[in-house]
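Structure first, commentary second.
We did not get these values from a lab; they are worked out from the coordinates using the rules stated. Please read these numbers as outputs of a predicted model, since none were measured by experiment. Here Cβ is always computed from backbone atoms with ideal geometry, including for glycine, and neighbour counts include all displayed protein chains.
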């Protein structure tokens, strides 16, 4: 078993970290330090860099610490071990051994992995799915994601087509906007408060800051009827995937057909991507599904892929010692 050097991220690693993210096979802009650090006051960062014996950076782990548990990362939609495209399974075994050993030696009892859904990766990258089996990781959650494969001959249901046509008849217009204020203040915040007694994860200032850093990745689309906003979505755009991060409409959304009209527009707008991710429809850590929302997503042609969440005891690093025959 080769030795790797594992150490915590420091501010002086900013460029090294971001350069690795830019070329990794299973990274997105969410792992850029500018994105990770917008909410640094909410988390105790415990991101790690893993180097080989020649000081070559081989992997990173975006992470935060809470007592004796390390999470990858509670402030991000997904995480996991980030690798470059040339990294092979044997190396990942060695990297994972050294990573878990480092955590164990530093008083960390558990590593919680929030895996990147496979279709976000640029190259096959399920090494940790296999190794989670070897190290007796506990599957603590699994979300079902509704995903539209844009390369297939997908079809909208009759109901979706009718509602889209309703939007056309109501002369709705979709516009891309540079500002989030109108959607946040007129639609999103009031709806979340009324329906869920909740607030958006991002404040207007936070999402505006993130857009200033990632203008090609974060885009806002609003739906108007006679110059009045009636719906909107904030899109996160990745190399292979387009994903509505926030989506909401006013109380007339069914009568106007505004959300279906908007999704029809977005699917066409991002048809050059490989996938359109409608996201999960789950509650209770993946054990329950909101049937109506799932039906709506699947009526656009979306089908199921999964995101897995694992709990790993760091002491199990020893189980990786004798895999290779």
Between residue 322 and residue 203, what FRET efficiency comes out of the Förster formula 1/(1 + (r/R0)^6) with R0 = 56 Å and r the beta carbon distance, rounded to 0.05? 0.65
Could you give the angle, 0 to 90 degrees to the nearest 10, between helix 14-23's Cα long axis and the longest principal axis of the Cα atoms of the chain? 70
Expected output is a single nm value to one decimal: the length gained when fully extending between residue 212 and residue 134, i.e. 0.36 nm times separation in residues minus the C-alpha distance. What is it? 23.8 nm
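Would you mind calculating the gained length between residue 41 and residue 23 on full extension (0.36 nm times residue separation, minus the Cα-Cα distance), in nm to one decimal? Before the final figure, lay out the partial values.
Details: separation 18, 0.36 × 18 = 6.48 nm, distance 2.78 nm.
3.7 nm is the gain from fully extending residue 41 to residue 23.
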Label model pair residue 1, residue 255: point-to-point distance (7 angstrom along the Cα→beta-carbon line) in nm is 6.6
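Can you give the Rg to Rh ratio of the chain, both from alpha-carbon atoms, with Rh computed by the Kirkwood formula? Kindly include the intermediate steps, with their values, before the conclusion.
Values: Rg = 21.2 Å, Rh = 21.2 Å.
Using Cα coordinates only, the ratio equals 1.00.
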Evaluate the distance, in nm, between pseudo-label points positioned 7 Å from the Cα of residue 55 and of residue 177 along their respective Cα→Cβ axes. 5.1
So how tilted is helix 89-105 from the main axis of the chain? Cα-based, degrees 0 to 90, rounded to 10. 80
With Cα coordinates, the longest principal axis of the chain makes an angle with the long axis of helix 204-213, in degrees rounded to 10, of 70
Extension length gain for residue 141 and residue 313 (0.36 nm per residue less Cα distance), in nm, is 60.3 nm
Only Cα pairs within less than 10 Å get springs; with that Gaussian network setup on the chain, which residue of 297, 225, 169 has the largest fluctuation? 169
Among the Cα-Cα pairs of region 13-105, the proportion with separation greater than 16 Å, in percent, is 53
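Report for the chain the percent antiparallel among DSSP-assigned beta bridges with both residues inside it, nearest 5.
Numbers: 57 of 64 bridges.
Bridges in the chain that DSSP calls antiparallel: roughly 90 percent.
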Normalised contact order of region 152-273, rounded percent, pairs of Cα under 8 Å and 6 or more residues apart: 30
Rounded to the nearest 500, the 222 nm mean residue ellipticity computed for the chain from DSSP H runs (n ≥ 4, each -39500 (n - 2.57)) alone is -8000 deg cm²/dmol
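Over the chain, what is the relative contact order in whole percent, taking alpha-carbon pairs under 8 Å and six or more residues apart? Before the final figure, lay out the partial values.
On the way: 600 pairs, mean separation 77.6, N = 325.
Relative contact order here is 24 percent.
What is region 1-112's relative contact order, in percent, from Cα pairs under 8 angstrom and six or more apart in sequence?
Numbers: 167 pairs, mean separation 32.5, N = 112.
Value for region 1-112: 29 percent.
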